[in-house]
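Q: Just passing along the structure, written as structure tokens.
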Amino acid sequence: ARRRRKDDDDDHNAQKPHKAGGDVTHEGLMSRVDRSEWTAAAALKQACAGTAPVGVEATTTTTTTTEEPVSTARSAGDDAGAADATGRTAAGDFAEVLRPRLDRALDLVDDGHHLAVRRQALVMLHAAAHHQPALVAPLVERAVPKLGAVVDLKLERVVDLGPFKHKVDDGLPIRKAALACVATLVDHAAQAAALSSSCGAAPGTAAAGEGGSSTTTAMELADDAESAETAAATSASRSPFLRVAPLLAPVAVAALGDKSDDVQIAAHALVVKLAGLVPDAVDAHVDAAFEHIDKTVHKKVSAKQGTEADRAYDLIRSALKAALVLADLAADGAHAASARAFLDKANKKDKLANEIAKLRLAPGLHGDAGAGHGMMPPPGDHL
């Protein structure tokens, strides 16, 4: 009876409207359905993180010497083949069990679910994409629009603390979780692009030795063929990530205008990566990107001191690095005017002009954003 009354109270509280001036957060309004959905998403995340990646076969390396009998080597090869078959069977069974559950759990990201449930579903998707990319590959085209909607989510409320009021954004944790998922998808897309470019190399090339040429044995040719086949299968499983990479460009550009410094720095890194991966898709959103970055680099930081000032200059440095990459991308395109206008405005300030000159000379301009050389005043040791 006590449990029934408690559940009824939880259901009643979950139906209360959200008040902007109250001190009740979204995290405290969970019904029985919300708790069950959160538990299901957490269990799926744990299952994805604690199991061997699906599609990656377990290999057993057997070292044989020239003095070892052929029969022993053949026996070892049979044992390794049996181990591979067992690994493939276990991975296949796991995939059949987990794939439909991931498909249904992806709907928990949608609006209408509790914020804690949505965040846990995003954490589950991130863990699945990181540990089980072959399972997430068929779902990425359906996941990208959901991630884009979460990145644009704003849930701000004002908490009355008596002498003053404090503004809280309840949507920030799930925006960070969504951007982490986007970063993982971009990493898989970059790996797929690298694999597709490397699969064109001809396997089994013969190396010339002193006084003659060495011939490639049949076993080496078979190993090369198997390696090429495995690389092709891995590339095929990751090709959906490469297909959706252009759709991630507007998501990353939209995150550039977030009010959170952490989200902006992560978005700068994503824009830099996508500019090298899908330049045409990023170039289509260069004007919006420069509009967001312009507001970031021209923030007033003179009133900040200590760690706050260091973080502010880190954000400006990260934004300038992304801006320079975008300026190089749009130098000869239809959006070159936006790049020139941004650089002309930034170069009018001595500190920004000095930082732009340092970044131009830095060797890793087109690498990960968010790191760079010091800006006056120099950053502290908190990094």
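The values are calculated or read from the model by the stated rules, or taken from the named source; none is laboratory data. A quick note: this is a predicted structure, and the numbers were derived from the prediction, not measured. A quick note on method: Cβ atoms are made from the backbone with ideal geometry, for glycine too, and the neighbour counts reach across all protein chains shown. Accessible surface areas use protein heavy atoms only, side chains included; no ligands, DNA or RNA. Shrake-Rupley method; radii C 1.70, N 1.55, O 1.52, S 1.80 Å.
Q: Does the stretch 287-295 contain at least one residue that is closer than 26 Å to residue 194 by Cβ and not charged (D, E, K, R)? Write out each step before concluding.
A: Initial filter on the stretch 287-295 (closer than 26 Å to residue 194 by Cβ): 289.
When the remaining residues are screened for being not charged (D, E, K, R), the result is 289.
Yes: one or more hits.
Q: Restricting the search to the stretch 277-295, which residues are closer than 24 Å to residue 352 by Cβ and within 18 Å of the chain's Cα centre (by Cα)? Don't jump to the end; show me each part of the working.
A: To start, the set of residues in the stretch 277-295 that are closer than 24 Å to residue 352 by Cβ comprises 282-283, 285-295.
282 - this is the single residue of the stretch 277-295 that is closer than 24 Å to residue 352 by Cβ and within 18 Å of the chain's Cα centre (by Cα).
Q: Here is a further query. Are any of the residues in the stretch 266-276 buried (at least 19 other Cβ atoms within 10 Å of the Cβ), more than 17 Å from the chain's Cα centre (by Cα) and over 14 Å from residue 178 (Cα atoms)? Before the answer, list the steps.
A: Going through the stretch 266-276, the residues buried (at least 19 other Cβ atoms within 10 Å of the Cβ) turn out to be 266-275.
Filter again for more than 17 Å from the chain's Cα centre (by Cα), leaving none.
No, there is no match, as no residue in the stretch 266-276 is buried (at least 19 other Cβ atoms within 10 Å of the Cβ), more than 17 Å from the chain's Cα centre (by Cα) and over 14 Å from residue 178 (Cα atoms).
Q: Would you pick out the residues in the stretch 304-327 that are in contact (Cβ under 8 Å) with a residue 12 or more places away in the chain and acidic (Asp, Glu)?
A: First, the residues of the stretch 304-327 that are in contact (Cβ under 8 Å) with a residue 12 or more places away in the chain: 306-307, 309-327.
Residues satisfying the conditions are 310, 314.
Q: Give me the pairs: first residue in the stretch 348-370 and at pLDDT 65 or above, second residue open to solvent by less than 100 Å² (accessible area, probe 1.4 Å) and assigned to a loop (DSSP other than H, G, I, E, B), beta-carbon distance under 7 Å, and six or more apart or on different chains, which are they?
A: 351/375; 355/375; 358/373; 359/365; 359/372; 362/372; 362/373
Q: Next question. Suppose the filter is open to solvent by 50 Å² or more (accessible area, probe 1.4 Å), farther than 30 Å from residue 313 by Cα, over 20 Å from the mean Cα position of the chain (by Cα) and at pLDDT below 50; does residue 205 pass it? Walk me through it before giving the result.
A: On the way: open to solvent by 50 Å² or more (accessible area, probe 1.4 Å): yes; farther than 30 Å from residue 313 by Cα: yes; over 20 Å from the mean Cα position of the chain (by Cα): yes; at pLDDT below 50: yes.
Spelling it out, residue 205 is indeed open to solvent by 50 Å² or more (accessible area, probe 1.4 Å), farther than 30 Å from residue 313 by Cα, over 20 Å from the mean Cα position of the chain (by Cα) and at pLDDT below 50.
Q: Would the stretch 146-158 turn up any residue that is open to solvent by less than 20 Å² (accessible area, probe 1.4 Å), in contact with a strand residue (DSSP E or B) (Cβ under 8 Å, 6 or more places away or on another chain) and assigned to a strand (DSSP E or B)? Let's see the steps before the verdict.
A: If we filter the stretch 146-158 for residues that are open to solvent by less than 20 Å² (accessible area, probe 1.4 Å), which is where we start, we get 147-148, 150-151, 157.
Narrowing further to those that are in contact with a strand residue (DSSP E or B) (Cβ under 8 Å, 6 or more places away or on another chain): 157.
Narrowing further to those that are assigned to a strand (DSSP E or B): 157.
The answer is yes, given that some residue of the stretch 146-158 is open to solvent by less than 20 Å² (accessible area, probe 1.4 Å), in contact with a strand residue (DSSP E or B) (Cβ under 8 Å, 6 or more places away or on another chain) and assigned to a strand (DSSP E or B).
Q: Condition first: closer than 27 Å to residue 312 by Cα and buried (at least 20 other Cβ atoms within 10 Å of the Cβ). Now tell me which residues in the stretch 239-262 satisfy that. Spell out the reasoning first.
A: So the first thing to find is which residues in the stretch 239-262 are closer than 27 Å to residue 312 by Cα, and the list is 248-262.
Hits for the stretch 239-262 are 248, 249, 251, 252, 253, 255, 256, 258.
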